[in-house]
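Below: the structure, in structure tokens.
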Amino acid sequence: MTKQYPTNCFTRLSESELECVLAWRNTDRVRGNMHSDEVISWEQHVAWFSKLENDATREFWILRQNSRPIGVLNFSGIGSTEIEWGCYLGETNVWPGSGILLEVAALDRATKLKPAEKLVAEVLSFNKSAIGLHKLFEYPQVSNSHGGVRNGEEYNKLYYEYPLSLWEQKKETLLMKLPKSLRALVETIEFRE
């Protein structure tokens, strides 16, 4: 019997999904790993979306697993040689390895965003899951600077740069490190404009 894997389709954020995304973003789990851990108001969220709609240098995608929205993937700096990205899973009851899908999708998408040459990310030092994913995919860490204090603890900002030519060379080798089930899941990734 063949194992059935969920479909994993990225669609652009629409106005009808704003409430869902705001609810995800304001959860302690997601907000706690962001640069600003302030609760975002509906008015702030709508203003952000209005700017996003008119900004050709940014993309914001919803990851749908079997048509159900479960997370986000975003890019800024489109049209330049250096694209910054971020992501998070908004839902917790998702297919195992769904975070890896976000990482692979970011790298694959960035290779199509010409004239992009590298994908960059800034991660707060307490965000262990993001750091672990970057290590798994061999993101070069280029710097480390003091970030501030949160919950009485000092933290750093870790900066990563991934040359897209490196991803094109190493993609198959890196994906072979994944269990067969995750490789099969990666094969389901699709972007729908």
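The values are calculated or read from the model by the stated rules, or taken from the named source; none is laboratory data. The structure displayed is predicted, hence computed values, not measured ones. Reconstructed Cβ throughout: ideal geometry from the backbone, glycine too, with neighbour counts over all protein chains shown.
Restricting attention to region 73-104 and to residues that are touching a Phe, Trp or Tyr at 6+ places or on another chain (Cβ under 6 Å) and buried (at least 19 other Cβ atoms within 10 Å of the Cβ), the residue that is nearest to LYS51 (Cα to Cα) turns out to be PHE75. Does PRO69 count as surrounded by 14 or more Cβ atoms within 10 Å (Cβ to Cβ) and at pLDDT 95 or above? It is true that PRO69 is surrounded by 14 or more Cβ atoms within 10 Å (Cβ to Cβ) and at pLDDT 95 or above.
Looking at region 145-159, is at least one residue touching a helix residue (DSSP H, G or I) at 6+ places or on another chain (Cβ under 9 Å), outside any loop (DSSP other than H, G, I, E, B), crowded, with 16+ Cβ neighbours inside 10 Å and on the phi < 0 side of the Ramachandran plot?
Yes, region 145-159 has at least one match.
If the condition is being in contact with a Phe, Trp or Tyr (Cβ under 8 Å, 6 or more places away or on another chain) and either crowded, with 16+ Cβ neighbours inside 10 Å or charged (D, E, K, R) (or both), then region 168-186 contributes LEU174, LEU185. Residue pairs whose Cβ atoms lie under 6 Å apart, separated by 6 or more positions or on different chains, with the first residue in region 179-193 and under 14 Å from TRP95 (Cα atoms) and the second not in a helix (DSSP H, G or I), are LEU182/GLY97; ALA184/TYR5; LEU185/TYR5; LEU185/GLY97; THR188/TYR5; THR188/THR7; THR188/ASN8; ILE189/ASN8. Restricting attention to region 119-165, report how many residues are touching a Phe, Trp or Tyr at 6+ places or on another chain (Cβ under 6 Å) and of a type outside the set (A, V, I, L, M). Matching residues across region 119-165 total 11. Given the structure, is TYR159 over 11 Å from the mean Cα position of the chain (by Cα) and modelled with pLDDT of 95 or more? The answer is yes for TYR159. Look through region 1-14, keep the residues that are at pLDDT below 95 and in contact with an Asp or Glu (Cβ under 9 Å, 6 or more places away or on another chain), and return whichever of them is nearest to PRO96 (Cα to Cα). Checked region 1-14; the qualifying residue nearest to PRO96 (Cα to Cα) is TYR5.
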